[in-house]
1. Can you give the charge dipole size of the chain about its Cα centre, rounded to the nearest 20 debye, using +1 on the beta carbon of Lys and Arg and -1 on the beta carbon of Asp and Glu?
2. Excluding PHE254 itself, calculate the net charge of residues whose Cβ lies under 14 Å from the Cβ of PHE254, where each Lys or Arg counts +1 and each Asp or Glu counts -1.
3. Step through the residues of the range 222-231 one at a time and calculate ³J(HN,Hα) from phi using the Karplus curve (6.51 cos²θ - 1.76 cosθ + 1.60, θ = phi - 60°), rounding each to whole Hz and writing x for Gly and Pro.
4. Against the longest principal axis of the chain, how steep is helix 202-214, in degrees 0 to 90 to the nearest 10, with axes from Cα atoms?
5. Mind giving me the FRET efficiency for SER200 and LYS18? R0 is 45 Å, r the Cβ-Cβ distance, nearest 0.05 is fine.
6. Mind ordering 110-120, 248-258 by average Cβ neighbours within 10 Å, highest first?
7. So how much slack lies between ALA121 and GLU105, counting 0.36 nm per residue of separation and subtracting their Cα-Cα distance, in nm?
8. Between the helical axis of 153-165 and the dominant principal axis of the chain, each derived from Cα atoms, what acute angle in degrees is found, rounded to the nearest 10?
Amino acid sequence: MQVFYDKDSFSKYIDLQKEQNNMIGFAPTMGALHAGHISLYEEANKDNDIVISSIFVNPTQFNNAEDLEKYPRTVENDIEKLQNSKLVDAVYIPKVEDIYPNGMERKHYNFGGIENEMEGAARPGHFDGVGTVVEELFRQVRPDNAYFGEKDFQQLKIIEKLVDILNLGIKIHGVKIHREKNGLAMSSRNMRLSEAEKESSSVIYQTLKKVDDWFRVVTIPEIKSRVEEIFDRDDMVLEYFLIANEDTLKEADFFSEDENYRAFIVVNVDQVRLIDNMHLK
Ligand code: AMP
């Protein structure tokens, strides 16, 4: 596996891949890698000649300076994990200037309204920051296929829209949420939880499964009040729970037979922000 720490050497590598007509699969990350990230590279290996990872903690997608500062950074470990996985041909670890040569500015995008729902409402500017870094990475990596986790389902929809509005010709693949044995969605932020907190956080997944059982049996307002009751506890704070239309991401108060729905939840455990979601049958 090759490791590139700057844009120039990485561009030369990409030029070579393009000359050889190699199909490129790409999944960007912010590091602190876990088995959920690795599952993206497993998927990428199915459809591509070359699989590329990137590690870059993108400052413009954080709307909270403390969250950015506390974000785990474990680059040496990450390189070793990627190497051991044998699933990745090259990892790009750019410097801030490689991504933001003209200063750290967010671009502004119109994603058709989905950027204002859920995470967009909770974290102003977040999706402009995500769009800015992913657009730049796509222009540098020039992948044929790119892989994003359903764990960040709204982000996956935003990236599909980004490729569409910029006409980038990249196929976006969504990858299922990879979970701990107890159901907790794997996340780099889980590193900041104690073992006891990781165990009790399985209630997030247990709740989503209950919601799936209740869906189409009881009303959505009743489901919401049951979820609020479950999280009426001192060791975690429910930031939001809602059921949304899977395409528009708009919150649903009732369901129609011919639409798809997904439950979305954000819970704070000792100031660690945990997000999860589940498609509802
Ligand atoms: P991050 O490093 O958190 O920015 O995540 C990089 C990519 O990995 C994103 O596409 C995430 O959605 C994906 N990802 C993170 N956690 C998981 C998980 N538990 N299962 C599947 N994909 C994930």
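Bear in mind these aren't lab numbers, they're just calculated from the coordinates by the rules spelled out. Since the model is a prediction, treat every value here as computed from it, not as a measurement. No Cβ is skipped: glycine too gets one built from the backbone with ideal geometry, and neighbour counts run over all protein chains shown.
1. Computed charge dipole of the chain: roughly 420 debye.
2. -3
3. Ordered by residue, 3J(HN,Hα) equals 5, 4, 4, 6, 5, 5, 4, 5, 4, 8 Hz.
4. Tilt relative to the chain: about 60 degrees.
5. Working from the Cβ atoms, E equals 0.40.
6. 110-120, 248-258
7. 3.8 nm is the gain from fully extending ALA121 to GLU105.
8. With both axes taken from Cα atoms, the answer is about 50 degrees.
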